[in-house]
Every structure is written in C-alpha cells, then in structure tokens.
1. Give the residues of the stretch 157-191 that are touching a Ser or Thr at 6+ places or on another chain (Cβ under 9 Å) and in a helix (DSSP H, G or I), sorted by residue number.
2. Checking VAL265 against (1) among the aliphatic types (A, V, I, L, M); (2) surrounded by fewer than 16 Cβ atoms within 10 Å (Cβ to Cβ); (3) over 22 Å from GLY345 (Cα atoms), which single condition isn't satisfied?
3. Of all residues in the stretch 148-162, how many are open to solvent by 10 Å² or more (accessible area, probe 1.4 Å) and under 14 Å from MET193 (Cα atoms)?
4. Would it be correct to say that ASP16 is touching a strand residue (DSSP E or B) at 6+ places or on another chain (Cβ under 6 Å) and under 30 Å from VAL306 (Cα atoms)?
5. Output the qualifying pairs, or none if there are none: Cβ atoms under 6 angstrom, residues six or more apart or on different chains, first residue in the stretch 118-144 and at pLDDT below 95 and open to solvent by less than 60 Å² (accessible area, probe 1.4 Å), second residue part of a loop (DSSP other than H, G, I, E, B) and hydroxyl-bearing (Ser, Thr, Tyr).
6. From (1) modelled with pLDDT of 95 or more; (2) not in a helix (DSSP H, G or I), pick out the condition that doesn't hold for GLN3.
7. Can you report the number of residues in the stretch 163-206 which are of a type in the set (Phe, Trp, Tyr) and surrounded by fewer than 23 Cβ atoms within 10 Å (Cβ to Cβ)?
8. Do you know which of the residues in the stretch 347-357 that are part of a loop (DSSP other than H, G, I, E, B) and within 22 Å of the chain's Cα centre (by Cα) is nearest to PRO237 (Cα to Cα)?
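The values are calculated or read from the model by the stated rules, or taken from the named source; none is laboratory data. On a predicted model such as this, the values are computed, not experimentally measured, just so you know. All Cβ positions, glycine included, derive from the backbone under ideal geometry; neighbour counts span all protein chains shown. What goes into the accessible areas is simple: the full protein's heavy atoms, side chains included, and nothing from ligands, DNA or RNA. Shrake-Rupley method; radii C 1.70, N 1.55, O 1.52, S 1.80 Å.
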Amino acid sequence: MTQTPPQPGRARAEIDLNALRANVRALRARAPRSALMAVVKSDGYGHGALPCARAAIEAGATWVGTATPQEALALRSAGIGGRIMCWLWTPGDPWREAIEADLDVSVSGMWALAEVTAAAREAGRPARIHLKADTGLGRNGCQPADWPELVAASLAAEAAGTVRTVGLWSHLACADEPGHPSVTAQLETFRRMVGYAEGEGVRPEVRHLANSPATLTLPEAHFDLVRTGIAMYGVSPAPEVGTSAALGLRPVMTFSASVALVKHVPAGHGVSYGHRFVTDRETTLGLVPVGYGDGVPRHASGRGPVLVGGAWRRAAGRIAMDQFVVDLGGEKLQEGAEAVLFGPGDRGEPTAEDWAEAADTIAYEIVTRIGARVPRVYRGVHAPGGAGTDPGGDA
C-alpha cells in the first residue's frame with residue numbers, strides 16, 4: 001500500500017482561501033440583487049477572521065459582520081475598511097470606540113439606544129444603527145409590541161443628530177428546515193415591522209433577514225443584503241438544505257495531524273480511559289495527537305472518522321484532551337503518516353458533516369471549535385499589492 005507522505009508538525013488546519021473566494025462568488029450568484037455580508041464572527045468560524053474577511057472582500061463581499069464589537073474593532077484596527085457591522089452588545093460595551101471606528105451597530109432595545117446616543121454625543125458624531133426586530137427567533141431583537149416605542153425613539157435621536165438609522169433587520173429560526181411554517185410567519189412579521197418603521201419615517205439603506213440557508217433556498221428573504229456565515233466556509237447549513245457539493249460550495253478547512261505512534265497490541269487490550277474499547281484480536285493501534293483540547297469533540301468517542309493510510313478508521317475508545325487512538329487492523333504504518341480528520345472529501349477523507357453526525361451536533365460547531373493550538377496554514381493568500389496568488393503560501 002502507498003504510504004501517505006509524512007506531514008510536518010503535530011497538527012494543522014489548512015485554510016483554502018481560493019475555495020472561500022469561490023464560495024463567496026457562488027453565494028453572490030444566488031442573491032444577485034442583494035449585497036453580501038461576510039460573517040466572520042468567532043474568528044471566522046475557526047478559520048481566521050482577518051484572512052477570511054480579506055478574501056471575502058476580494059471576492060465581492062461589501063459588508064463584514066461580527067457578533068461582538070471587540071471582534072469588529074480588531075478587524076478595523078487590522079486594516080479592514082468598508083462597512084463592518086456588529087450586533088451582540090451588553091451594557092457598558094465600547095459604543096464610543098465603535099462609533100469612532102466607523103462601525104455599524106445593532107440596537108435591539110431602549111437601553112441600547114440610550115447607550116449609543118450617549119456615546120455619539122461624546123464622540124461628536126452620529127452612530128450608524130440597525131434596528132433589530134424579533135420576528136420569532138426569541139433571542140435578541142425588539143418584540144413587535146415594543147417596536148413602535150423603539151422606532152419613535154430612534155427617529156427622535158436621528159432628529160437630534162446622534163444616530164442614523166441605516167438598517168432594519170432580523171434573524172430566522174428555522175431557515176435550515178425548508179418548508180418550516182415559522183419561516184413564512186417570520187417573513188410576514190418582518191415585512192410588517194419594516195413597513196411600520198418606514199411608514200413612520202425611517203429610511204434604511206438596507207433591510208436584511210437572510211442567513212446562509214435562506215440565501216441558498218429562500219429568494220424572497222434576500223431583501224437588500226444577505227448575511228452569509230457557514231456557507232461562505234463551504235459547509236452546508238444542514239443536511240436538509242443539501243450537501244456542500246450539491247450547493248456548489250467547497251469546504252475551506254482541512255484538519256489533519258501526524259500519527260505519533262504505531263504499535264502492536266494483543267487481543268483483549270483496553271484502549272483509552274474507561275476501556276470503552278477493547279481489542280477483539282491482535283492488532284495495531286495508531287495514536288492521533290489531537291483531542292478535545294484541540295476541539296475534537298469527546299462526544300464522538302468510538303465514532304469519529306479519520307482517514308489514515310488510505311482507509312477510514314474510527315476513534316477507538318474515548319477521545320482524550322490531547323490524543324485519541326485508531327485501530328489500524330494489524331496494518332503497520334510509519335509514525336508521521338497523515339491522519340485527516342476532515343476536509344472537502346475529494347480525497348476520500350471525512351467531512352465536517354461526518355464529524356457532526358458522529359458527535360450528534362452541527363457542522364458549524366465542528367469547524368468553529370478547532371482550537372488555537374492548532375496552527376492555521378493559509379493557501380491562496382494574495383501576494384503583496386494584490387497581484388496573483390501564492391497557492392502554497394503560509395500566513
């Protein structure tokens with residue numbers, strides 16, 4: 001059997017920025033009359049916020065989105081220009097810094113409007129705000145019953161010169177379940193709440209509702225701007241929406257490690273904590289030096305798939321903090337052989353969706369949880385000056 005060439009280092013997450021650019025272009029084609037926001041919250045879903053934001057902008061994204069203001073401020077400090085929106089605020093957060101950095105901010109209630117207007121007075125310039133409506137998700141956002149008060153207060157603040165209400169938006173609860181009745185109900189509620197605000201005099205630049213699954217499957221939700229998160233990274237939002245390949249997307253991250261040890265063991269040998277796996281024959285075991293401390297889900301113990309030596313193996317026994325074991329079935333591999341936990345799948349390796357199934361979770365969590373001690377290696381980084389690409393360049 002042909003051995004996989006040894007890979008340097010304990011583990012690595014290879015990030016294909018050319019795939020990300022292609023995904024952005026494919027998503028723009030799905031919503032051709034809408035602007036596209038590249039959502040890079042949680043360090044770009046584990047892929048690296050800054051390089052992914054740059055690549056998305058190069059591919060035509062005209063907005064960047066983050067959850068927290070700290071994430072948005074870091075991108076601005078690193079040189080990301082244009083429109084950056086952040087939406088997860090708590091009392092006492094850096095409103096003034098956000099205004100001075102020319103960020104767009106979300107307002108879901110009266111307390112937030114009071115804090116942002118006070119910060120705008122201190123900064124001596126108006127804040128750009130997006131009023132968020134809770135159309136049925138039940139998380140952040142203003143309830144329909146409270147919407148008239150928030151709209152009236154935002155109009156008063158605009159008249160006083162402390163804010164500009166540039167956006168009206170909401171978020172869908174079940175867009176990853178095509179045909180779910182809540183989707184139609186939320187669309188109707190959003191249209192009604194937008195219509196009320198505009199009837200009172202709000203003149204938004206953008207109305208936005210669609211996340212990744214709605215961008216892919218629900219054209220009536222596209223409005224002026226779509227917010228693409230997981231799909232931009234080439235991961236399907238849900239099996240019900242379709243596979244990555246069927247959606248015209250390519251997974252951006254490949255997570256691999258170098259096998260640290262290969263050894264023969266007898267039948268009846270326990271493997272890992274609790275001996276949940278015991279060998280039923282003489283065999284060989286391979287040690288994969290990553291674990292839940294690196295983001296490999298412990299819930300996938302006994303089930304997590306890995307491509308090692310050209311074949312799929314399963315995590316044998318419990319996944320520990322730093323390592324887990326695969327049963328090689330008597331095969332003797334060299335230490336340093338590549339173990340691919342997930343990738344695009346075109347080399348026969350598992351995908352993030354396969355790990356999500358093994359861990360009873362969603363693929364969003366699989367890629368996002370890969371930890372900081374796994375180095376990111378970037379492919380397709382644009383050379384200085386923006387001319388050409390470096391297909392093998394690390395960054």
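1. Matches in the stretch 157-191: ALA157, GLU158, ALA185, GLN186, LEU187, GLU188, THR189, PHE190.
2. Status for VAL265: all satisfied but (2).
3. 3
4. On the way: touching a strand residue (DSSP E or B) at 6+ places or on another chain (Cβ under 6 Å): yes; under 30 Å from VAL306 (Cα atoms): yes.
Here the answer is yes, as ASP16 does meet what is asked.
5. Filtered contacts from the stretch 118-144: no entries.
6. If we test GLN3 against (1) modelled with pLDDT of 95 or more; (2) not in a helix (DSSP H, G or I), just (1) comes out false.
7. Start the filter on the stretch 163-206 by keeping residues that are of a type in the set (Phe, Trp, Tyr), which leaves 169, 190, 196.
From what is left, the residues that are surrounded by fewer than 23 Cβ atoms within 10 Å (Cβ to Cβ) are 196.
Total satisfying the criteria: 1.
8. To start, the set of residues in the stretch 347-357 that are part of a loop (DSSP other than H, G, I, E, B) comprises 347-351.
Still in the list and also within 22 Å of the chain's Cα centre (by Cα): 349-351.
On the way: GLU349: 20, PRO350: 17, THR351: 13 Å.
Within the stretch 347-357, the match that is nearest to PRO237 (Cα to Cα) is THR351.
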